[in-house]
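Student: Would you mind keeping the following structure in view while I ask a few things?
The values are calculated or read from the model by the stated rules, or taken from the named source; none is laboratory data. Just so you know, these numbers come straight off a predicted model, no measurement behind them. Here the Cβ is made from the backbone with ideal geometry for all residues, glycine too, and neighbour counts use every protein chain on show. The protein model used for the area step is the full one, side chains on, heavy atoms only, and it has no ligands, DNA or RNA in it. Shrake-Rupley method; radii C 1.70, N 1.55, O 1.52, S 1.80 Å.
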Amino acid sequence: MVSPECAPVVQAGGLGDVVLGLSRELEIRGNTVDIILPKYAEMRYDRIWSLTLDYRDMWVPWYEGAIHCSVYFGFVSGRKCFFIEPHSRDNFFQRLATYGYADDAMRFAFFSKAALEYMLKANKRPDVIHCHDWQTGLLPVLLFEIYKHQGMPNQRVCFTVHNFRHQGLCGAELLRATGLNRAEYYFHSDRLVDNFNHSLLNLTKAGIVYSNFVTTVSPHHAWEVLSSDQNFGLGDTLWVHRGKFGGVLNGVDYEVWNPEIDSYVARRYTADSLDLKYDNKRTLRERFWLRDGFKPIVAYVGRLDSQKGVDLVRHAIFYSLRNEAQFVLLGPCPDPSINRDFWHLKHYLNDNPDCHLELRFDAELAHLVYAGADMLVVPSRYEPCGLVQMIGLKYGTVPIVRAVGGLADTVFDRDHSDRPYEQRNGYVFDNADYQGIESAMRRSFGLWHCYPEEFRKLMVNGMRYDYSWNFPGQHYLNIYEYIRHK
Ligand code: GLC
């Protein structure tokens, strides 16, 4: 695995969970997995076990010279991780944040090159290199244009796009820096040039064109990016390469997210001891100063950004408060203007005994929210997979989701799905507007208040689903086998 993120040491979103969870599943199935990451200054070093220097003097070619790097080894949740530390005035990873710098494309192009250089020098010849998102999109280009001729002729690349919104655009200096001479060759519409701005290179496109197989993180999203406007300009490229493209639903790590063994909740429970879940509801109310009462708790967990439908989240808060429900929210707002709005909202609702907004990322608290809430809203406008709804299902917390991306693959409407009753597990709405979300919330509140036994069946249906890494792990192994022998 070559990735910019890995839970729990460095993580901006679900990508970090996927890299860790998939790697574990592959190892359980008898494969050897190494994870290569940048050595960021800002990481949870307390979660890396036995960090040691693995490779002292590695020189990575860069422009006309080379950058001196060290490579460290350490275990992260039992997985073998290698951290690349460049020593140069560029200070690629010695920064306060993971992303958000003008030279991001260069930073991660360097990382991609350094990862290959490390494999070459340390004599690692993986059958398959699995790359993730634009940050590693240049890796297959460098492998097949350069490293293939330097001692890595047999390696294959699987490239997973977790989010098409971020594509990694950059200018021609990237080619000079990484040793990809012949600019006219790469600035070709069949190769790296951006489909809109012909003076820029696009690293996600690079990954799609050069990899042996490309996936995105759910089957429905794979369909969306090929057939709707949800591909942010890469539709034509994907269409050309559709023969090596598919959707694989992400899994959830049930070692971490499982109410039967969860050590962060007040009381553990299973589908057969569902009453115990209400101890968590009580604890959640205490923790967030909510009043007791015969009301469902609706939760929102996750980053608040435009992709997630923040206007609908806001609407869901007020709709809940008007309709005999409580609302809790847990998540950071990286965008300054959304952050300002939600802090206003938090102050405005400060004294409301039916509502609590916690505007930060707190993985441990998230466990209690999943365990204590009755329902979970996920009104995303764009959602390649989404992990929140799958975690909610495992905790018997009924998801109310918009029918988009992976949400449409995992949640089946209680009233309108064509699946058999025992497979229906939540509420789904189509239109990303107030009426849409209200229609689903109304039905959910109605069932909770008037037919508690039916609501309980819905909870149990959700808990019985297996959204672990079991199936996706096998699916990826099939892909790896396929490209190895092609
Ligand atoms: C990105 C997507 C999200 C997906 C995650 C993991 O964050 O936005 O939908 O679940 O990657 O693949």
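Student: What helices (runs of 4 or more DSSP H) completely inside region 427-486 contain at least 3 residues that are of a type in the set (D, E, K, R) and over 21 Å from the mean Cα position of the chain (by Cα)?
Tutor: Hits in region 427-486: 434-450, 452-464.
Student: What are the residues in region 305-320 that are open to solvent by less than 50 Å² (accessible area, probe 1.4 Å) and touching a Leu at 6+ places or on another chain (Cβ under 8 Å), if any?
Tutor: VAL310, VAL313, ILE317
Student: If you don't mind, another one. Test LYS244 against the criterion of being open to solvent by 10 Å² or more (accessible area, probe 1.4 Å) and over 18 Å from the mean Cα position of the chain (by Cα), and give yes or no.
Tutor: On the way: open to solvent by 10 Å² or more (accessible area, probe 1.4 Å): yes; over 18 Å from the mean Cα position of the chain (by Cα): yes.
For LYS244, the condition - open to solvent by 10 Å² or more (accessible area, probe 1.4 Å) and over 18 Å from the mean Cα position of the chain (by Cα) - is met.
Student: Please find, within region 335-393, the residue that is farthest from ALA403 (Cα to Cα) out of those that are among the polar types (S, T, N, Q) and within 18 Å of the chain's Cα centre (by Cα). Give the steps one after another, and end with the answer.
Tutor: In the first step, residues of region 335-393 are kept if they are among the polar types (S, T, N, Q); the result is 337, 339, 350, 352, 380, 389.
Now narrow it down to the ones that are within 18 Å of the chain's Cα centre (by Cα): 380, 389.
Details: SER380: 9, GLN389: 12 Å.
The residue in question is GLN389.
Student: In this structure, does TYR99 turn out to be exposed (fewer than 12 other Cβ atoms within 10 Å of the Cβ), assigned by TED's automatic domain parsing to the domain that holds LYS121 and under 20 Å from GLN135 (Cα atoms)? Break it down into steps so the answer makes sense when it comes.
Tutor: Details: exposed (fewer than 12 other Cβ atoms within 10 Å of the Cβ): no; assigned by TED's automatic domain parsing to the domain that holds LYS121: yes; under 20 Å from GLN135 (Cα atoms): yes.
No, not satisfied.
Student: Can you pull out every residue in region 14-39 that is in contact with a helix residue (DSSP H, G or I) (Cβ under 7 Å, 6 or more places away or on another chain) and either away from the ligand (no atom under 11 Å from the Cβ) or under 18 Å from PHE111 (Cβ atoms) (or both)?
Tutor: Within region 14-39, the first condition is being in contact with a helix residue (DSSP H, G or I) (Cβ under 7 Å, 6 or more places away or on another chain), and the residues that meet it are 22, 25-26, 29, 33, 35-36, 38.
Selection gives GLU25, LEU26, ARG29, VAL33, ILE35, ILE36, PRO38.
Residue-wise test of (1) in contact with a Gly (Cβ under 9 Å, 6 or more places away or on another chain); (2) under 18 Å from LEU234 (Cα atoms); (3) of a type in the set (D, E, K, R).
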site: LYS113; (1), (2), (3): yes, no, yes
site: HIS130; (1), (2), (3): no, no, no
site: TRP134; (1), (2), (3): yes, yes, no
site: ILE146; (1), (2), (3): yes, no, no
site: THR178; (1), (2), (3): no, no, no
site: HIS188; (1), (2), (3): no, yes, no
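Student: Determine, yes or no, whether MET1 is more than 16 Å from the ligand (Cβ to nearest atom) and not β-branched (Val, Ile, Thr). Step through it out loud before you land on a result.
Tutor: Details: more than 16 Å from the ligand (Cβ to nearest atom): no; not β-branched (Val, Ile, Thr): yes.
Answer is no for this residue.
To keep it simple, each residue is scored yes or no on (1) at pLDDT 95 or above; (2) outside the structural domain of PHE108 (by TED's automatic domain parsing); (3) under 21 Å from TYR99 (Cβ atoms); (4) open to solvent by 40 Å² or more (accessible area, probe 1.4 Å).
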residue	(1), (2), (3), (4)
LEU22	yes, no, no, no
ASN31	yes, no, no, yes
LEU37	yes, no, yes, no
TYR45	yes, no, yes, yes
TRP49	yes, no, no, yes
TYR63	yes, no, no, yes
CYS69	yes, no, yes, no
VAL76	yes, no, yes, no
ARG79	yes, no, no, no
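Student: Tell me, which residue of region 188-238 that is of a type in the set (Asp, Glu) and assigned to a loop (DSSP other than H, G, I, E, B) is nearest to the chain's Cα centre (by Cα)? Before you say what the answer is, go through the steps one by one.
Tutor: Of the residues in region 188-238, the ones of a type in the set (Asp, Glu) are 190, 194, 224, 229, 236.
If we keep only those that are assigned to a loop (DSSP other than H, G, I, E, B) as well, we get 190, 194, 229.
Working: ASP190: 28, ASP194: 24, ASP229: 21 Å.
Selected residue: ASP229.
Student: Only residues in region 336-365 that are at pLDDT below 95 count as the first member; pair them with residues that are surrounded by fewer than 16 Cβ atoms within 10 Å (Cβ to Cβ), Cβ under 8 angstrom, at least 6 apart or cross-chain, and list the lot.
Tutor: Close Cβ pairs satisfying both conditions: GLU364/TYR264.
Student: Taking the conditions exactly as written (assigned to a strand (DSSP E or B), away from the ligand (no atom under 14 Å from the Cβ) and acidic (Asp, Glu)), does ASP46 satisfy them or not?
Tutor: no
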